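Undergrad: The structure's right below; bear with me while I get my questions together.
We did not get these values from a lab; they are worked out from the coordinates using the rules stated. For clarity, every value in this text was computed on a predicted model and none was experimentally measured. When we count neighbours, we look across all protein chains shown, and the Cβ atoms used for this are built from the backbone with ideal geometry, even at glycine.
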Amino acid sequence: MQLDNLYQEVILDHYKNPQNKELASDNDAQVHHVNPSCGDEVTLGVKLDGEKIASINWDGVGCSISQASTSIMTDLLIGKTLTEASEISEKFLHLMQSKGSEEGDADALEDAVALAGVSKYPARIKCALLGWMAFKDASVQAHSAKEN
Amino acid sequence: MSFDPVAIRRDFPIFDRTIRDGKRLVYLDSGATSQKPQVVIDAEVDFYRLHNAAVHRGAHQLAEEATDIYEGARQSVAAFIGADIDEVIFTKSATESLNLISYAMGNAPTGNRFHLKAGDAIVVTEMEHHANLIPWQQLAARTGASLSWFEVTPEGRLDLSKIDSVITEKTKVVALTHQSNVLGTINPLEAIIARAHEVGAVIVLDACQSVPHMAVDVKDLGVDFLTFSGHKVLGPTGVGIFWGRSELLAELPPFLTGGSMIETVTMTGATWAPAPRKFEAGVPNMAQAAGLAAAVKYISNIGIENVHAHEVLLTKYLLEKMSEIEALRIVGPTNTDSRGGSISFTFGDIHPHDLGQFLDSQGIAVRTGHHCAWPLNRKMGVPATTRASLYLYNTLEDCDALIAGINDAQKYFGR
């Protein structure tokens, strides 16, 4: 059924076993983002090692899409540089806005391409982006905190 | 005429279409907005097609016809809720109606009975829709008045045990919902109205979820102000009702000012026309008022008591079926005593957004999330729920489809 494009196995796996879902106490920055239309929430922290992302850790409540997307994102971006992370995030954002017309760059996005089906459901795109937007916010804050 | 939802469905053209690759539409989201019968669509179209002109002005036939339709709509709505015609005010939505009363109170000068200041109190409840909470939060912030509220019990009822300490001599206004859009709870008004009037406070009733579903007579209820939206009672979007007792409307200052609402105007000031026009600045939503009139006439022909009885039957059926599903928790009263057909629930580990998505794939439309009542969700200990809300065009078949959908969702996400 068409719904299977949305709820791929890898998404349900991440939903059941979310990665890096434990907030650290020594983050360089920590943010709290909500999806006001459905009440999903994520608290997300970032720790940097120079330009490199040493840790992304989080906690939150929400649907399988928001939780799995955040989990996949942390797996994908930890260990990358801020520049690489930003490029990957842009690719993911582009995929989400593709209205189902693209499959996504599997080399760059890895497991996150499993979320491509979300782009056909306009109401769910915000769910998929919740964690990514929180990361963007936290990484900018962490970066400027380090510079000052 | 016996009540036949299948015949009623034929009056609603939307049920001719299918959903998600040919599935029958099971519409269980009337708490968000109702579907429209053809007569409502026709009334709105006919206004534009045949009678369009600005009401209350223009020395021509079309203006006369438009005015007759608009004022006739006011009469129809007044008859539907047992009001006097000049007490019925057209707004763009129930949300605007609630902002109207709260901003109008904020405009009241010293000496006016609606004037609020530090030391005064506004009372709401924990089960309010954001539309009947935030305007009062804002009014409190603007005037220095305090905001207090009735709490909600774990069963989803208002806790009236501390009524005398919630509504006090300081209380100037008590704003509450008639029927919760989340819990389905129909609130007992008698004691609250008696206490409010004892201390000289006015009662503002949010009737968005009651007027479409049960007989509401404003005079019988004994409230002072009442609001509801047109689109939830089979009418068009873009029209709401603000009703107030005439002696109160006479003293309440206006909210929006401009054309149509004046008596005289000079370069430095103006005086107001009497209600309802005092509260209807600008060229109004005439076509939508015509549509709303068609809607309330349509319901009156069927009989609101019959609509209510049908919904009670469906609600009872659904509550019983749901109680048989393990891991399903109803958030709100679990029987039909003082309860309407809005049923919110959680289901095991399946997030409402995912359940709603699965049901959608089966052609079943429900609402998911916090239903614009975030504080209530927190109080009930649930971040979000799935809500099925019933109306006159729903059938037992719809209820069975929902139950089957919930069970299938468990299999789908449990894989």
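Each row is one residue, and each column tells you yes or no for (1) under 15 Å from residue B:173 (Cβ atoms); (2) touching a residue at least 60 places away in the same chain (Cβ under 8 Å); (3) not in a helix (DSSP H, G or I).
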site	(1), (2), (3)
B:69	no, yes, no
B:78	no, no, no
B:83	no, yes, yes
B:95	no, yes, no
B:101	yes, yes, no
B:123	yes, yes, yes
B:131	no, yes, no
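Undergrad: Where in the range B:278-390 are there strands (runs of 3 or more DSSP E), lying fully within it, with 1 or more residues that are surrounded by fewer than 22 Cβ atoms within 10 Å (Cβ to Cβ), within 14 Å of another protein chain (Cβ to nearest Cβ) and touching a residue at least 12 places away in the same chain (Cβ under 8 Å)?
TA: Filter on the range B:278-390 gives B:342-347.
Undergrad: Would you mind telling me which numbered condition in (1) assigned to a loop (DSSP other than H, G, I, E, B); (2) without any contact (Cβ under 8 Å) to a residue 40 or more places away in the chain; (3) buried (at least 17 other Cβ atoms within 10 Å of the Cβ) residue B:31 fails?
TA: (2)
Undergrad: Can you tell me which residue within the range B:1-19, out of those that are in a helix (DSSP H, G or I) and farther than 22 Å from residue B:296 by Cβ, is nearest to the other protein chains (Cβ to nearest Cβ)?
TA: It comes out as B:16.
Undergrad: Now a separate question. List every residue pair whose Cβ atoms sit under 6 Å apart, with the two residues 6 or more apart in sequence or on different chains, where the first one lies in the range A:1-17 and is at the interface with another protein chain (Cβ under 8 Å from one of its Cβ atoms) and the second, anywhere, is part of a helix (DSSP H, G or I).
TA: As it stands, the answer is A:3/B:361; A:6/A:117, since those pairs meet every condition given.
Undergrad: Next question, about the same structure. Hey, any hits in the range B:20-28 for a residue that's crowded, with 22+ Cβ neighbours inside 10 Å, in contact with a Gly (Cβ under 8 Å, 6 or more places away or on another chain) and outside any loop (DSSP other than H, G, I, E, B)?
TA: Yes, the range B:20-28 contains a residue that is crowded, with 22+ Cβ neighbours inside 10 Å, in contact with a Gly (Cβ under 8 Å, 6 or more places away or on another chain) and outside any loop (DSSP other than H, G, I, E, B).
Undergrad: Taking the range A:43-53 as the region of interest, how many residues are surrounded by 15 or more Cβ atoms within 10 Å (Cβ to Cβ) and of a type outside the set (Lys, Arg)?
TA: Summing the residues that are surrounded by 15 or more Cβ atoms within 10 Å (Cβ to Cβ) and of a type outside the set (Lys, Arg) in the range A:43-53 gives 6.
Undergrad: Test each condition in (1) within 21 Å of the chain's Cα centre (by Cα); (2) closer than 30 Å to residue B:403 by Cβ; (3) surrounded by fewer than 20 Cβ atoms within 10 Å (Cβ to Cβ); (4) among the charged types (D, E, K, R) for residue B:17 and report the one that comes out false.
TA: (1)
Undergrad: Oh, and also: Looking at residue A:40, is it acidic (Asp, Glu), touching a residue at least 60 places away in the same chain (Cβ under 8 Å) and either surrounded by 15 or more Cβ atoms within 10 Å (Cβ to Cβ) or within 13 Å of another protein chain (Cβ to nearest Cβ) (or both)?
TA: So residue A:40 fits the description; yes.
Conditions tested, residue by residue: (1) within 21 Å of residue A:18 (Cβ to Cβ); (2) within 14 Å of another protein chain (Cβ to nearest Cβ); (3) in contact with a His (Cβ under 9 Å, 6 or more places away or on another chain); (4) in contact (Cβ under 8 Å) with a residue 40 or more places away in the chain.
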{"residue": "A:66", "(1), (2), (3), (4)": "yes, yes, yes, yes"}
{"residue": "A:78", "(1), (2), (3), (4)": "yes, no, no, yes"}
{"residue": "A:99", "(1), (2), (3), (4)": "no, no, no, no"}
{"residue": "A:108", "(1), (2), (3), (4)": "no, no, no, no"}
{"residue": "A:126", "(1), (2), (3), (4)": "yes, yes, no, yes"}
{"residue": "A:135", "(1), (2), (3), (4)": "yes, no, no, yes"}
{"residue": "A:143", "(1), (2), (3), (4)": "no, no, no, yes"}
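Undergrad: Can residue A:139 be described as buried (at least 21 other Cβ atoms within 10 Å of the Cβ), on the phi < 0 side of the Ramachandran plot and hydroxyl-bearing (Ser, Thr, Tyr)?
TA: So residue A:139 passes the test.
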